[in-house]
């Protein structure tokens, strides 16, 4: 799973990416907070968004 997909799933895999310094950025923390909130309130919508991203990333 790419860092983008793991992040969009509200479970970023920082330890497996070269972008681990971004986890301390206020804007990244805010976005992750909102994704985690969405995951609790409407998990099906979050799942749909992850699926959309998977489709986009699969395109060449």
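How would 5, 21 line up from fewest to most surrounding beta-carbon atoms within 10 angstrom?
Values: 5 15, 21 9.
So the ranking, lowest neighbour count to highest, is 21, 5.
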**Message:** Run lengths n ≥ 4 of DSSP H only: what is the helix-derived mean residue ellipticity at 222 nm for the chain, with -39500 (n - 2.57) per run over all residues, to the nearest 500?
**Reply:** -20000 deg cm²/dmol
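What ranking do 17, 27 get, fewest neighbouring Cβ atoms within 10 angstrom at the top?
On the way: 17 15, 27 8.
Fewest-to-most Cβ neighbours within 10 Å comes out as 27, 17.
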**Inter-probe distance in nm under a simple model that places probes 7 Å from Cα toward Cβ, at residue 59 and residue 41** = 2.8 nm
**Message:** How would 33, 22 line up from fewest to most surrounding beta-carbon atoms within 10 angstrom?
**Reply:** 33, 22
**Prompt:** Over the alpha carbons of segment 1-51, what is the largest minus smallest coordinate on each principal axis, giving the biggest first in Å?
**Reply:** 29, 23, 12
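Each value in this text was obtained by applying a stated rule to the coordinates, not by laboratory testing. In this text the structure is predicted, and so the values were computed from the model without any measurement. Heads up, the Cβs are rebuilt from the backbone with ideal geometry, glycines too, and the neighbour counts pull from every protein chain shown.
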